[in-house]
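Student: Sharing a structure with you now.
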Amino acid sequence: MTLVKEAPARPAGKRPAAPAAGRRGRRRENLAGYLFMSPWIAGFLLLTAGPMIASLYYAFTSYNLFTPPQWIGLDNFTTMFQDPRWQKSVEVTLKYVVVATPLKLLLALGVALLLAQKRRGQGLYRAAFYMPSLIGASVSVGFVWRALFSDDAVVDRTQKIFGLDVGGWIGNPDYVIYALVALSIWQFGAPMVIFLAGLKQVPQELYEAAEVDGAGPLRRFWNITLPMISPVLFFNVLLESIHAFQVFGSAYVVSDTRCGPADATLVYTCYLYQKGFKEAQMGFASAMAWTLVVAVALVTAVLFWSQKKWVHYEEAAK
């Protein structure tokens, strides 16, 4: 009879130590990963986190880029809230956000519904509608847009055919903001692609069952399409709202760097640029920037709170 010697019992809760070679291999892998990440980490610290922390400090100082900053507490914020031009910039920005964002999303959803149907040349249509999103933010498009909406230009001549004699929109304080809205709507390609991806995920069986029950196109859209793509709709609303608050290039170029006339296109970031880089009031501009950050964060929080009531997730349904 052979006797088998039992191995000593290992204390509970303890694992055998990993081989030293394995630990060294993992350390080398981690080191390689950090080396590959180091350019991004350095860029984030030097170009994003560092300037953000510095601007937060400058927001409470009097700083003009040429003399050392002097601590003044909340003076920048109190002066800003009492500034009539700051109040005007908030009014113009809110008007732009409220008008441009819904119209852009409505057009994007409408075109996505058309492109979701099977037809010849579908890829060509998608590329054509998406193209403005690629070039819409360029300075050259801003110059073209200013030329289109100037006096006696294409838009002015076209509206005269229909009996509308309001002149060019660029020089009219009542209409120039709508030229910026039109430029924003023209760049509907990005949300359109996202809507199109969401529409592709809607099960066709739901439409077939609704059609059998006698539901018409509008009823199917309201009771099936919208609820099923509500997460995509929420994502687009959130993204486009944030982008609208940050509008700068189009307003600056279309208005010929004046953000006018009569401050009609004085969006928030345009006034921030004027205070920071034209008037060298970097402390005031930093206070404006952080106020915008807080405002966008509040809007985002409200949207996330409201999505519980109108956004339907598949996991929640289960």
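The values are calculated or read from the model by the stated rules, or taken from the named source; none is laboratory data. Every value quoted in this text rests on a predicted model; they were computed, and no experiment measured them. Here the Cβ is made from the backbone with ideal geometry for all residues, glycine too, and neighbour counts use every protein chain on show. Ligands, DNA and RNA are excluded from the accessible area calculation, which covers all protein heavy atoms including side chains. Shrake-Rupley method; radii C 1.70, N 1.55, O 1.52, S 1.80 Å.
Student: Exactly one condition in (1) crowded, with 16+ Cβ neighbours inside 10 Å; (2) in contact (Cβ under 8 Å) with a residue 24 or more places away in the chain; (3) assigned to a helix (DSSP H, G or I); (4) of a type outside the set (K, R) is not met by I170; state its number.
Tutor: Here I170 clears every test but (3).
Student: Looking at the range 139-163 only, could you name the residues that are open to solvent by 50 Å² or more (accessible area, probe 1.4 Å), out of contact with any Leu (no Cβ under 6 Å at 6 or more places or on another chain) and free of Cβ contacts under 8 Å to residues at least 60 places away in the same chain?
Tutor: Answer for the range 139-163, where residues must be open to solvent by 50 Å² or more (accessible area, probe 1.4 Å), out of contact with any Leu (no Cβ under 6 Å at 6 or more places or on another chain) and free of Cβ contacts under 8 Å to residues at least 60 places away in the same chain: S140, V144, A147, L148, D151, D152, R157, T158, K160, I161, F162, G163.
Student: Counting only residues that are modelled with pLDDT under 90, give me the helices (runs of 4 or more DSSP H) lying completely in the range 1-89 with at least 3 of them.
Tutor: Where helices (runs of 4 or more DSSP H) fall fully within the range 1-89 and carry at least 3 residues being modelled with pLDDT under 90, they are 20-44.
Student: Select from the range 71-99 the residues that are acidic (D, E) and either within 27 Å of the chain's Cα centre (by Cα) or within 16 Å of L292 (Cβ to Cβ) (or both) and list them in ascending order.
Tutor: Listed by number, the residues that qualify are D83, E91.
Student: Assess whether T61 counts as being in contact with a Pro (Cβ under 6 Å, 6 or more places away or on another chain), surrounded by 14 or more Cβ atoms within 10 Å (Cβ to Cβ) and farther than 13 Å from L272 by Cβ. Working first, answer last.
Tutor: Numbers: in contact with a Pro (Cβ under 6 Å, 6 or more places away or on another chain): yes; surrounded by 14 or more Cβ atoms within 10 Å (Cβ to Cβ): yes; farther than 13 Å from L272 by Cβ: yes.
Answer is yes for this residue.
Student: Something else now. Is it fair to say P84 is in contact with a helix residue (DSSP H, G or I) (Cβ under 6 Å, 6 or more places away or on another chain) and either within 28 Å of Y268 (Cβ to Cβ) or open to solvent by 60 Å² or more (accessible area, probe 1.4 Å) (or both)?
Tutor: Values: in contact with a helix residue (DSSP H, G or I) (Cβ under 6 Å, 6 or more places away or on another chain): no; either within 28 Å of Y268 (Cβ to Cβ) or open to solvent by 60 Å² or more (accessible area, probe 1.4 Å) (or both): yes.
No; evaluated as a whole, the condition is false for this residue.
Student: Within the range 295-306, is there a residue that is open to solvent by 30 Å² or more (accessible area, probe 1.4 Å), over 28 Å from L74 (Cα atoms), aliphatic (A, V, I, L, M) and free of Cβ contacts under 8 Å to residues at least 12 places away in the same chain?
Tutor: no
Student: Something else now. Among the residues of the range 112-127, write down those that are modelled with pLDDT under 90 and open to solvent by less than 60 Å² (accessible area, probe 1.4 Å).
Tutor: Listed by number, the residues that qualify are L115, A116, G121, Q122, G123, A127.
Student: Can you tell me which residue within the range 91-147, out of those that are in a helix (DSSP H, G or I) and of a type in the set (D, E, K, R), is nearest to L233 (Cα to Cα)?
Tutor: Out of the qualifying residues, it is K104.
Student: Only residues that are farther than 14 Å from V90 by Cα and either open to solvent by 80 Å² or more (accessible area, probe 1.4 Å) or in contact (Cβ under 8 Å) with a residue 40 or more places away in the chain (or both): list them for the range 256-278, please.
Tutor: D256, R258, G260, P261, A262, F277, K278
Student: Something else about it: Among the listed residues F234, F195, F221, which satisfies the condition of being open to solvent by less than 40 Å² (accessible area, probe 1.4 Å), part of a helix (DSSP H, G or I) and over 24 Å from A301 (Cβ atoms)?
Tutor: F195
Student: Sticking with this structure for a sec: Which of (1) under 25 Å from K309 (Cβ atoms); (2) part of a helix (DSSP H, G or I); (3) aliphatic (A, V, I, L, M); (4) touching a helix residue (DSSP H, G or I) at 6+ places or on another chain (Cβ under 9 Å) does V202 not meet, given it meets every other one?
Tutor: (2)
Student: Answer yes or no as to whether V247 is of a type in the set (V, I, T), in contact with a Gly (Cβ under 7 Å, 6 or more places away or on another chain) and touching a residue at least 40 places away in the same chain (Cβ under 8 Å).
Tutor: It is false that V247 is of a type in the set (V, I, T), in contact with a Gly (Cβ under 7 Å, 6 or more places away or on another chain) and touching a residue at least 40 places away in the same chain (Cβ under 8 Å).
Student: Modelled with pLDDT of 95 or more, aliphatic (A, V, I, L, M) and farther than 30 Å from G198 by Cβ - does that describe any residue in the range 295-309?
Tutor: Scanning the range 295-309 turns up no residue that is modelled with pLDDT of 95 or more, aliphatic (A, V, I, L, M) and farther than 30 Å from G198 by Cβ.
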